[in-house]
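Q: Okay, here's the structure, questions in a sec.
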Amino acid sequence: MKGHLSVTVRAPAKINLLLGVGPVREDGYHPLDTVYQAISLYDDVTVSTSVAWSVNVEAIGDLDVSGVPLDESNIAIRAGALLAAHHGISRRATIGISKGIPVAGGMAGGSADAAATLVALDRLWDLQTSDDDLLEIAAELGSDVPFALIGGSAHGTGHGELVEPVTDDGTWWWVVVPDAAGMSTPEVYRAFDAHGSGGTGTEAVRTALAGGDLDALGAALHNDLQDAALKLRADLRRTEADLAGAGVLATLLSGSGPTFLGLVEDQDCAHQVREALLAAEHPGVLVATGPVAGAHVVTYV
Ligand code: C5P
């Protein structure tokens with residue numbers, strides 16, 4: 001069979017509906033007890049075989065992609081190299097990323113690119129990597145990469161890399177407020193170590209998801225990193241207040257920030273809140289729904 005010339009895979013952004021963080025481990029990671037949800041902001045990754053690794057990035061809409069590295073430190077190239085090494089082959093590829101997930105926003109955009117690259121190259125090179133092996137390679141690339149493979153809603157443990165799907169009976173609507181200045185995840189964890197303590201359980205969120213109960217989900221949303229992130233970036237309190245003032249059911253910092261999320265009742269409310277936030281000078285506000293699928297092939301030629 002003749003192989004494909006190029007393969008495009010779409011991978012979603014993630015949010016953490018509940019992010020419980022324990023005290024730092026000896027390996028520098030923090031134990032997590034989290035509930036992930038994949039939401040409808042996507043990066044599309046297109047791969048084609050080439051003599052050398054390369055990556056290029058184009059923005060969807062007015063997203064700022066200037067922070068994405070274009071050399072071999074890019075996580076998509078690292079993903080491709082790791083997949084090739086796993087199979088003992090020395091193939092390379094050109095990787096094109098069409099980016100709809102805010103960069104350095106606490107929404108795992110880089111992890112989405114890594115997951116999408118794994119799935120795309122697996123198909124391009126007809127490697128037929130097992131799901132277990134893909135999840136293991138993903139975990140080596142980053143804490144959030146395994147979740148980007150499976151999508152949906154999932155319970156995450158370990159340092160985030162161990163994922164189990166959870167029942168989610170809802171269609172949830174989110175207003176996503178990105179911030180112009182990205183935040184460093186390690187820095188937020190360090191601020192958490194200095195000031196914080198966490199350990200909130202995931203039970204209430206999982207019950208709310210299983211029952212499709214909007215009020216219960218709104219009441220259960222929680223992020224142990226939020227106080228630490230707000231200590232580093234007090235200006236984000238205004239974003240949180242603007243969201244609350246626009247009538248959302250609940251607000252939540254996404255992962256390690258700086259993106260803020262508002263949970264709303266339905267799609268119409270989401271667009272109303274988005275308009276209010278744009279009027280309050282928060283550019284680039286997005287509307288998203290979840291849960292959505294993990295990394296999946298959209299086209300191949
Ligand atoms: O796994 P990933 O590369 O995404 O993590 C980036 C950094 O975030 C880690 O090097 C670590 O400093 C911090 N981190 C952590 N605990 C986690 C996940 C990430 O301390 N559970």
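Taken together, the values in this text are just the output of simple stated rules run on the coordinates, not laboratory data. It should be emphasised that the depicted structure is a prediction, and the values quoted were computed from it without experimental measurement. Cβ coordinates were reconstructed from backbone atoms using ideal geometry, including for glycine residues, and neighbour counts include every protein chain displayed.
Q: Count charges around ALA295 for me, please; just the other residues with Cβ under 14 Å from its Cβ, Lys/Arg as +1, Asp/Glu as -1.
A: That works out to -3.
Q: Next question, about the same structure. By how many degrees, 0 to 90 and rounded to 10, does the Cα axis of helix 267-279 deviate from the longest principal axis of the chain?
A: Helix 267-279 and the main axis of the chain meet at about 80 degrees.
Q: Report for region 1-100 the percent antiparallel among DSSP-assigned beta bridges with both residues inside it, nearest 5.
A: Of those bridges, close to 80 percent are antiparallel.
Q: Please compute the contact order of region 48-170 in relative form: average sequence separation of alpha-carbon pairs under 8 Å and at least six residues apart, divided by the residue count, as a percent.
A: For region 48-170, the relative contact order is 23 percent.
Q: Over the Cα atoms of region 80-164, each weighted equally, I'd like the Debye log10 I(q)/I(0) at q = 0.12, 0.13 Å⁻¹, rounded to two decimals.
A: Scattering profile of region 80-164, log10 relative to I(0): -0.35, -0.41.
Q: From Cα pairs below 8 angstrom and at least 6 apart in sequence, can you work out the relative contact order of region 94-226, rounded to a whole percent?
A: Once divided by the residue count of region 94-226, the mean separation gives 20 percent.
Q: In whole Hz and in residue order, list the ³J(HN,Hα) couplings for region 169-180 that follow from phi through the Karplus curve 6.51 cos²θ - 1.76 cosθ + 1.60, θ = phi - 60°; x for Gly and Pro.
A: These are the phi-based 3J(HN,Hα) values: 9, x, 10, 9, 10, 10, 9, 10, 10, x, 10, 4 Hz.
Q: Another question, then. Rounded to the nearest Å, what's the spacing between the alpha carbon centres of region 53-80 and region 185-237? Just the number, please.
A: Using only Cα atoms to place each centre, the spacing works out to 29 Å.
Q: Now for a different question. Return the whole-Å distance between the Cα centroid of region 153-173 and the Cα centroid of region 259-278.
A: Between the Cα centres of region 153-173 and region 259-278 lies a distance of 23 Å.
Q: Could I ask something else about it? For ALA59, enumerate residues with amide H under 5 Å from its amide H, sequence gap 5+ or separate chain, H modeled in the peptide plane.
A: Amide H to amide H, under 5 Å and 5 or more residues apart or across chains, ALA59 pairs with LYS99.
Q: Still on this model: Which chymotrypsin sites (Phe, Trp or Tyr not before Pro) does region 1-54 hold that lie in a coil by DSSP with at most 16 other beta carbons within 10 Å?
A: Answer by residue number: TYR29.
Q: Of the options GLY247, LEU261, GLN226, report the single residue whose Cα projects farthest towards the positive end of the charge dipole of region 183-294 (beta-carbon charges: Lys, Arg +1; Asp, Glu -1).
A: GLN226
Q: To the nearest 20 Debye, how big is the dipole of region 1-66 about its Cα centre, given +1 on the beta carbon of each Lys and Arg and -1 on that of each Asp and Glu?
A: 300 debye
Q: Continuing with the same structure: How high is the relative contact order of the chain, in percent, counting Cα pairs under 8 Å that sit 6 or more residues apart?
A: Relative contact order comes out at 27 percent.
Q: Rounded to the nearest 500, what is the 222 nm mean residue ellipticity of the chain from helices alone, with -39500 (n - 2.57) per DSSP H run of 4+ residues and division by all residues?
A: Rounded to the nearest 500, the figure is -10000 deg cm²/dmol.
Q: Roughly how tilted is helix 75-86, in degrees to the nearest 10 and between 0 and 90, from the longest Cα axis of the chain?
A: Roughly 50 degrees between the two axes.
Q: Rounded to whole Å and sorted largest first, what semi-axes of the equivalent ellipsoid does the C-alpha gyration tensor of the chain yield via the square root of 5 times each eigenvalue?
A: One finds semi-axes of 31, 21, 19 Å for the chain.
Q: Residue-wise, which Karplus ³J(HN,Hα) couplings in Hz belong to region 126-133, taking 6.51 cos²θ - 1.76 cosθ + 1.60, θ = phi - 60°, and x for glycine or proline?
A: These are the phi-based 3J(HN,Hα) values: 6, 8, 6, 5, 5, 4, 4, 5 Hz.
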